[in-house]
Amino acid sequence: MHAFGVGSVVEKLRAAGGGYEVVHESAGVELGVYVLVAPETDRQQPHDDDEIYVVLEGSGTLTVDGTPVNVKEGDAVFVEAGAEHRFTAYEQLALLVLFERAR
């Protein structure tokens, strides 16, 4: 078992102007908190693993391989490994990110 706080990590990253921090890592899963604060842009590159974004706070647009989807608190989006994706149209966005790590 591994218990961890997410809210405190969101606050820490928000105070730092955004960023990403891993809160749990095991053989098959990485769980992180990703905070974006405008005007900082999302500079992600495609990942080697499937991932799921869960919006904890805020709203914005996630464009995946050219297809935009509006997201808000409580929404979740699956992004396939290798897909080009980026968040835009946000003022502040806090996300829980789940990566499925290849075994």
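The values are calculated or read from the model by the stated rules, or taken from the named source; none is laboratory data. From a predicted model like this one, the values you see are computed outputs, not experimental measurements. For neighbour counting, all protein chains shown are included, and Cβ atoms are generated from backbone atoms with ideal geometry for every residue, glycine included. Note: accessible area is taken over every heavy atom of the protein model, side chains too, but ligands, DNA and RNA are not part of it. Shrake-Rupley method; radii C 1.70, N 1.55, O 1.52, S 1.80 Å.
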Note on the stretch 29-85: the mean projected area of its alpha-carbon convex hull, in nm², is 4.0 nm²
With -39,500 (n - 2.57) per DSSP H segment of 4 or more residues and division by the full residue count of the chain, the 222 nm estimate, nearest 500 deg cm²/dmol, is -2500 deg cm²/dmol
Using θ = phi - 60° and the Karplus curve 6.51 cos²θ - 1.76 cosθ + 1.60, what whole-Hz ³J(HN,Hα) does each residue of the stretch 66-71 get, with Gly and Pro shown as x?
x, 9, x, 9, 6, 10
Quick check: the distance between the Cα centres of the stretch 34-103 and the stretch 15-31, to the nearest angstrom?
13 Å
Per residue, how many Å² of accessible area does the chain show with a 1.4 Å probe?
57 Å²
Using a 10 angstrom cutoff on alpha carbons, build the Gaussian network for the chain and name the most mobile of Gly74, Gly18, Gly60.
Gly74
So what is log10(I(q)/I(0)) for the chain at q = 0.23 1/Å, when the Debye sum runs over its Cα atoms only?
-1.35
For the stretch 82-99, 3J(HN,Hα) per residue [Karplus equation, 6.51 cos²θ - 1.76 cosθ + 1.60, θ = phi - 60°, Hz, x = Gly/Pro]
x, 6, 6, 8, 7, 8, 9, 6, 10, 9, 8, 9, 10, 10, 9, 10, 10, 9
Check each of the GluC sites (Glu not before Pro) in the stretch 1-83 and keep only those in coil by DSSP with at most 16 other C-beta atoms within 10 angstrom; list them in order.
Glu40, Glu73, Glu80
In nm, what is the difference between 0.36 nm times the number of residues separating Phe78 and Thr63 and their Cα-Cα distance?
4.2 nm
Show me, for the stretch 38-47, the HN-Hα J-couplings you get by feeding each phi into the Karplus relation (A = 6.51, B = -1.76, C = 1.60, θ = phi - 60°), rounded to Hz, glycine and proline as x.
5, x, 4, 8, 7, 10, 4, 10, x, 9
